[in-house]
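Chemist: Before we start, here is the structure in question, set down as structure tokens.
Here, each number is a calculation from the coordinates, and none is a lab measurement. Keep in mind the model is a prediction, meaning the values are calculated, not measured. Here Cβ is always computed from backbone atoms with ideal geometry, including for glycine, and neighbour counts include all displayed protein chains.
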């Protein structure tokens, strides 16, 4: 007879008088009226009187139906009665019994459970529930139900008999039957506490932890006067809760177990309890408490002279010390443990402990020592012929090489683990090998192979029905899919991991799953969703006291917040990551946090604040011997110093970056370092060194066939040639850029090359070509729907039209630029567009319009935080001052120029200081404040010398000469203007020579040296005729007319005034010429 048939032979409602001995020996008991009437249902007081008679009749009929074996009718009648009195738990119990007879076990269980809910203190409900669960094959739960019932009534023989009967019919029978025989011999088989304790212990051993908890807690509720027996139950309960990852409850029972051991004076038990407590505290992340417990364990083990227990305590202490980053003590504990296990001759434990020593060395960054230990571990395992241990050693060797980023060697060792697993047919080891292989392949960048290994890992877990392994495999696969850009697949796998972790009540696993889901959302650009999941990850990390996971979660949250532009929140989480990493002495985590903090400040353009973080990152990289990280640190330090303007420091760090890249033979990073080093040298005006660096960059890009590198190197060389005024050579470089981009069919690069060619042609005043290239640039940007690029192209076209004097066209271009900037909501480009429009309107003489645009530029710049923001603000103020000067509001102009000067001084910008002093000089002169104008223009000349620009110096000398002339300081005026003339000749700038010559002529006229004045103005006129510059010729004629007028040579004066009038093009100058001629003719006649 099968177990299923035996279950149907259990009595449905027998009482204590009917039960004698074991139910296993009873014959089939036919259901009688008494079986259903011993607990005759009575209606509840709430039942109306009119329904009571009907209720009692239904109960009578149902009992009769059961007596005749008509269980279908009985169930129907019980259901009718329950409709009249739905709170009657006895009716639910009886209907459960009838349904059991029908074989409707699931429905019978529902009724028994309902009866138990309605009256939790009624033992018969637990019995019904236990029988139904047993019929369903749910033995663990059945045993738990019988035990819970006995906790309600320890004298209930039917429940005790049911418990023992279910036990010997369960899969636990082979373990329990001999124990029950021993209990009978000791007359303990009728003790509910003893029987339940035994059943609970066996459930624990069988891995049925939930049922074990229920059974063992029932034993505690029943109680025992034996402290030793209670202590064993406490110990078992702590193990069950531990297995369920219910650490707080586990610790509670461990503490009670410890208290019992102390009361009994059981030193060995006390030692064991301290060991269990230490392990629980360790899992909880309560390392201080774990250390205390394991130290007690060690002292007690030595007191008992239990070498094995002492060794266990030492290895546990080593693990705790490792977790808190106290590697010297961790190393000492594991080494001491090695000596102890050698004394007791436990070679297997010796091998494992040497592996633990290797793990500590690896954490300390002592790679060679770690590999040496794991090699010894492997050698011992081979001597012992223990392939399982051999596989563990190979796995540790793989992890060691993985740590050093030697992924190829790591893969070799993990392949050995795989080989051994297949020889042993050990699917757990095989799954571990696939996990190691997948991890190494992923880190080596071979995501396709990593995916194959982790799919194998998942396949193994599914075949073994290993939910823990399945969760890990889903997690690993999800990470690989995320790296492959398959975000939906990644999310599904991480959700599967989360579901499994929930089923297993694995809070730490749930935390990891939440974190991976958050990372997947971040990778997909869904940062709000990422933050939601990382917050849940953080909550769990704190709950399970996993400080390492808490630290990395802070890092992940910071990344997501930074991507959303919430920099303050990002900084808060980055700092939390850093603090925890330092607390844990996690050097790698600390380095990661420092790098992220530096990058966060850099992204906010707060470069000075980024420097100390990058410097600390550099020091840690050097301590770790991580050359690649050291190079990265030098690169970032070079970048921030470049952005701050500390170009010499930038050169120093880029030099180090280059040297490290050469050591690593990393050609891509060598190219990057050459590029950056060249830019830093160019900023220092070391054009020759800059050119050499960019040529090396180009050579490296050709060696690696790196298209973006080749393109950028050519552009950088072109920029240097522009700086050295070798425009034609620069154009050739940009042309090579264009050819390269078109050959590769790279539209973004083609647009960039067109932009560079347009700028070069604008500089050499080939405006038609410049317009052509910038038009091509704009068309390409529009085809690609590249709004930022389109903004830039409109700006370039506007600049060419400005150079041509086509201000109306320039305004249209800048308005287009402004519109695109506003679409992009890019305040930086928007401010630039307002500035360009202001300058265009200024050149058109529309000063009030210009003021409006420039003020909008200043307002928009308040929302911008870029390296150039303050420079842009300074220049806007300078242009505003020029507008107010043009409107005759010189006092307002002075205010703007002074603000311009203040910013320029703070920025240490000589160019802006020169412009501000020029504006102040002109404004003060216009107000008649000639002495103040003189001071400003003298300061301007000093700044012009600092700038080192001959053009700027020439103009500064000219303006200073003019103010000296106005003050009557003719000697100083002549000196300044002759300097201007000399510099202009050196530059070959004939227009500027004309300006100086004209001004000198005017000074000589003021000095009453008419001959000198005529000579200079005639020279000026001759130069202007060669230049073909009508406006300058008109000026020279006007000056000659004035000199002739002063010496009363009236015929010559009229002749030159008439020539001036004929040559003058613009209406204002024509009006002035007419006025001069008219006034003179009036005096003449």
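Chemist: Based on the inverse mean of 1/r over its pairs of different Cα atoms, what is the Kirkwood hydrodynamic radius of the range 59-198, in Å?
Modeler: It works out to 15.6 Å.
Chemist: Can you give the angle from 0 to 90° between the axis of helix 1067-1084 and the longest principal axis of the chain, with both taken from C-alpha atoms, to the nearest 10?
Modeler: The helix 1067-1084 is inclined about 20 degrees to the chain.
Chemist: Going by average Cβ density within 10 Å per residue, which order do the peptides 496-503, 108-115 take, highest to lowest?
Modeler: Answer by packing, highest mean first, reads 108-115, 496-503.
Chemist: For the Cα atoms of the chain, what angle does the longest principal axis make with the long axis of helix 247-264, in degrees from 0 to 90, nearest 10?
Modeler: Tilt relative to the chain: about 50 degrees.
Chemist: Also: Per the helix-only calculation at 222 nm, which mean residue ellipticity applies to the chain, given -39500 (n - 2.57) for every DSSP H run of n ≥ 4 and division by its residues, nearest 500 deg cm²/dmol?
Modeler: My calculation for the chain gives -27500 deg cm²/dmol from helical runs alone.
Chemist: Using only alpha carbons, build the gyration tensor for the range 879-938 and give me the equivalent ellipsoid semi-axes, biggest first, whole Å.
Modeler: Largest first, the range 879-938 gives 18, 13, 7 Å.
Chemist: Here's something else I'd like to know. Using the Cα atoms as the points, what is the convex hull volume per residue of the range 120-203 in Å³?
Modeler: Per-residue hull volume (Cα only) is 72 Å³.
Chemist: I've got another one for you. At a 10 Å Cβ-Cβ cut-off, how would you order 974, 59, fewest neighbours first?
Modeler: By the 10 Å Cβ count, ascending: 974, 59.
Chemist: Continuing with this model, one more query. How far apart, in nm, are two points set 7 Å out from the Cα along the Cα-to-Cβ line at residue 655 and at residue 1049?
Modeler: A separation of 6.5 nm, rounded to one decimal place.
Chemist: Another question, then. May I ask for the distance between the Cα centers of the range 844-884 and the range 620-667, given as a whole number of Å?
Modeler: 38 Å
Chemist: Pulled fully out, how much extra length does the chain show between residue 643 and residue 931, if you take 0.36 nm times their separation in residues and subtract their Cα-Cα distance?
Modeler: Roughly 99.7 nm would be gained on extension.
Chemist: How far apart, in nanometres, would the label points at residue 504 and residue 787 be if each is projected 7 angstrom from Cα along the Cα-to-Cβ direction?
Modeler: Modelled inter-label distance: 4.7 nm.
Chemist: Follow-up. Computed FRET efficiency, Cβ-Cβ of residue 305 and residue 405, R0 56 Å: what is it to the nearest 0.05?
Modeler: 0.75
Chemist: Let me ask another. List the relative contact order of the chain as a percent without decimals, with contacts defined as Cα pairs under 8 Å and 6+ residues apart.
Modeler: 3 percent
Chemist: Based on alpha-carbon centroids, what's the gap between the range 494-559 and the range 85-140 in Å, whole number please?
Modeler: One Cα centre to the other: 42 Å.
Chemist: Stretched out fully, how many nm does the piece from residue 564 to residue 775 gain, at 0.36 nm a residue minus the Cα gap?
Modeler: Taking 0.36 nm per residue and subtracting the Cα distance, the gain is 72.4 nm.
Chemist: Expressed as a whole percent, how much of the Cα-Cα distance distribution for the range 260-369 exceeds 17 Å?
Modeler: 53 percent
Chemist: Could you tell me how far the Cα centroid of the range 150-222 sits from the Cα centroid of the range 720-796, in Å?
Modeler: 88 Å
Chemist: What angle do you read, to the nearest 10 degrees and between 0 and 90, between the alpha-carbon axis of helix 687-703 and the longest principal axis of the chain?
Modeler: 40 degrees
Chemist: So, R0 is 56 Å and r is the distance between the beta-carbons of residue 422 and residue 73; what FRET efficiency does that work out to, to 0.05?
Modeler: 0.35
Chemist: Distance in nm between label sites at residue 747 and residue 975, each 7 Å beyond Cα in the beta-carbon direction?
Modeler: Once both label points are built, they end up 6.4 nm from each other.
Chemist: Sort 957, 139 by Cβ crowding within 10 Å, fewest neighbours at the top.
Modeler: Least to most surrounded, the residues fall as 139, 957.
Chemist: Now a separate question. I'd like the FRET efficiency for residue 982 and residue 685, computed as 1/(1 + (r/R0)^6) with the beta carbon distance as r and R0 of 30 Å, rounded to 0.05.
Modeler: The value I calculate is 0.80.
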